[in-house]
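S.K.: Shown below is the structure under consideration.
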Amino acid sequence: MNLWQTFLDKRGDLLLALGQHIQISLIALVIAVAIAVPLGIWAQGHRRFAQTLLQLTGILQTIPSLALLGLLIPFVGIGTTPAIIALVVYALLPIFQNTYVGLTEIDPAYQEAAAAFGMSRWQKLRRVELPLALPVIMGGIRTATVLIIGTATLAALIGGGGLGNFILLGINRNDAALTLIGALASAALALVFSAGLALIQKLRFRYVAYALGALLVIGGGVVGYQALRPKPETITIAGKLGSEPEVLINMYKDLIEAGHENVRVVLKPNFGQTSFLYAALKSDKIDLYPEFTGTVVTSLVKPSAKDKQALANGANSYPIANRLLAKQGMILQKPMRYNNTYALVVRQADAQRYGLKTIADLDRIPQAQAGFDLEFANRADGYQGVKQAYGLDLKLHSLDASLRYQALVKGQVQVTDGYSTDSQIAQYHLLALQDPKHVFATYRGAPLMRSRWAQQHPAMVKRLNRLANKITETDMQQMNYAVNVQKQSAAKVAKQYLQKHGLLKEAQ
């Protein structure tokens, strides 16, 4: 692992990610302080409601972050907005709790002295209570800051950017250097913010108030600027986790820009699971993303009994998928050539030891341990279909898609799910088991978009369809290998393929 060389190669991307992370964290912190501190002050005089508020903020903090992000996408879209809302939710408890505790635990003698001097409620708060409670309040703000910076890495899952991009990319490509750089940068940022707040805390109260006021003004200005600044028309393309979706979205970008020099295309790689992407597409938060015919007919639409029978008999899934998508105002463009279907993958050593050739042979492994991606484990054309067709009952472990091959290679599981174009199959000399009962559907990829968007951008759709019936399974596996193993950028690999096959020249 050449950490220093990776840092030098990625320093530009790191600075960009660091700036995004600081922006997200700062805005979330400012909003959380603006809500929680006044709420804590109000609760001091309404103690009957204080416990209810403490319980409510505590409950909000227990909501799983991924679940919260998923719930927010249909309402506020993708990017930084849902990430900031989630971070504010998690930061409310420590700030509110410390503000309330700091104010309510002041020695009553100080309260009596303030009353004896004839201070008004505002004067007592400003001159006595807040200065005395400041160390406790600042402690809550520091705790919230560290929590925000650490949790902000999840913004990368929904296209919000930040240091999480490095962590996700490192995990997905099995590149420990990228993961470590992202983690170290996040930890360093948390320490710097915490140290800065500790330094502010040592100042006199009025200077602290000035500093926090300036922070609120600056943060509010950033929020206002982001909301009010003119936004140029852009084309937003998202992709699922992995090198293959990232290569494809870069191809889409190059094809669109080849015909429209003034078009601004924004890419959202490593966006997450299918449900996140489809929800974002339906709510007009993204314009298109690469999807597969098999995923459409099994997860995004509801085929009739007749359609299911036709698919089971080997019918072409593309026209069925498009007919059902049209009912939802969606359209899948012409698919590529390769079939990126599911596969159950084992190590060659296990295949030789137990004589594994087909999925049915897995029952030869005593107490076989399976590590499946959560989506595959619950799909009718995934593990659920495998169980029904082959009568298997594996001991199942739910693993993130980016970790399952690592678990297989290390012997922590004996079988995992993969795709026929995965570079890891060649990289680790693995075996994809045969599926004689054809549980796995045909997966041919194409741009999925709203029908209205396609009608409004016919020239762009025509360029995207240059990929129709292009790219073989060998081509895709080689491109995945170039990104995951040879560490080439997805953008470079995508452009090389398009240039080699003359697709950019034809699109002009």
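Just so you know, all these numbers are worked out from the coordinates, no wet-lab data involved. Computed from a predicted model, the values in this text were never measured in an experiment. Positions of Cβ are generated from backbone atoms using ideal geometry, with glycine treated the same way; all protein chains shown enter the neighbour counts.
S.K.: Rounded, prolate or oblate: which one fits segment 342-432, using the alpha carbon gyration tensor with axes a ≥ b ≥ c (rounded when a/c is under 1.5, else prolate when a/b beats b/c, else oblate)?
M.R.: Because its axes are fairly even, with a/c under 1.5, segment 342-432 counts as rounded.
S.K.: Reachable lysines from Lys268, Cα under 20 Å, same-chain residues fewer than 8 places away excluded?
M.R.: Lys10, Lys231, Lys240, Lys253, Lys282, Lys285, Lys487, Lys492, Lys495
S.K.: While we're here: Could you list Thr153, Thr298, Thr62 so that the one with the fewest beta carbons within 10 Å of its beta carbon is first and the one with the most is last? Could you put the intermediate results ahead of the total?
M.R.: Values: Thr153 25, Thr298 22, Thr62 8.
Placing the least packed residue first, the sequence is Thr62, Thr298, Thr153.
S.K.: In addition: Per DSSP H run of n ≥ 4, the term is -39500 (n - 2.57); total these for the chain, divide by its residue number, and report the mean residue ellipticity at 222 nm rounded to 500 deg cm²/dmol.
M.R.: Only helices count here, giving -18500 deg cm²/dmol.
S.K.: Going toward the positive end of the dipole of segment 7-155, with +1 on Lys and Arg Cβ and -1 on Asp and Glu Cβ, which of Gly118, Leu103, Ser25 do you reach last?
M.R.: Working it through, the farthest residue towards the positive pole turns out to be Gly118.
S.K.: What does the extension gain come out to for Gln328 and Gln427, with contour length at 0.36 nm per residue minus their alpha carbon separation?
M.R.: 31.6 nm
S.K.: Something else about it: If you take every DSSP beta bridge fully contained in the chain, what fraction is antiparallel? Give it as a percent rounded to 5.
M.R.: About 55 percent, rounded to the nearest 5.
S.K.: While we're on this one: Go ahead and run the numbers for FRET between Trp42 and Asn313, Cβ-Cβ distance against an R0 of 60 Å, rounding to 0.05.
M.R.: Rounded to the nearest 0.05, the efficiency is 0.35.
S.K.: To continue, here is another question. To make sure I understand, if each residue's beta carbon is the centre and we count other beta carbons within 10 Å, what order do Ser398, Ser420, Ser243, Ser120 fall in, fewest to most?
M.R.: Ser120, Ser398, Ser420, Ser243
S.K.: So if I take the alpha carbon set of the chain, get Rg, then get Rh from the Kirkwood formula, what is the Rg over Rh ratio?
M.R.: Looking at the chain, the ratio lands at 1.05.
S.K.: A further question on this structure: If you average the C-alpha positions of segment 312-341 and of segment 344-415 separately, how far apart do those two centres end up, in angstrom?
M.R.: 27
S.K.: Further, regarding this structure: Determine the shape class of segment 3-228: with a ≥ b ≥ c the square roots of the Cα gyration tensor eigenvalues, call it rounded for a/c under 1.5, and otherwise prolate if a/b is greater than b/c, oblate otherwise.
M.R.: On the way: a/c = 2.49, a/b = 1.92, b/c = 1.30.
Cα axes put segment 3-228 in the prolate bin.
S.K.: I would also like to ask the following. Just flag the trypsin sites (Lys or Arg not before Pro) in segment 348-395 sitting in loop per DSSP whose Cβ has no more than 16 other Cβ atoms within 10 Å.
M.R.: Those satisfying the criteria are Lys357.
S.K.: If R0 is 25 Å, what FRET efficiency do you get for Leu199 and Thr62 from their C-beta distance, rounded to 0.05?
M.R.: Calculated transfer efficiency: 0.20.
S.K.: Over the Cα atoms of segment 386-456, what Rg and Dmax result, in angstrom?
M.R.: Cα-based Rg and Dmax for segment 386-456 come out at 16.5, 51 Å.
S.K.: Tell me, Lys253, Lys410 in order of fewest to most beta-carbon neighbours within 10 Å?
M.R.: Working: Lys253 19, Lys410 8.
Taking fewest neighbouring Cβ atoms as first place, the list is Lys410, Lys253.
S.K.: Quick one: if you stick a label point 7 Å off each Cα along the C-beta vector at Lys500 and Ser275, how many nm between them?
M.R.: For the pair Lys500/Ser275, the computed spacing is 3.8 nm.
S.K.: Take the alpha carbon gyration tensor of segment 267-347, find the square roots of its eigenvalues, order them as a ≥ b ≥ c, and report rounded if a/c is under 1.5; if not, report prolate when a/b exceeds b/c, else oblate. List each step's numbers first, then the result.
M.R.: Numbers: a/c = 1.89, a/b = 1.17, b/c = 1.62.
Here segment 267-347 falls in the oblate category.
S.K.: Right, next: Tell me, what is the FRET efficiency for Asp13 and Gln434 to the nearest 0.05, using R0 = 35 angstrom and their Cβ-Cβ distance as r?
M.R.: According to the calculation, E is roughly 0.30.
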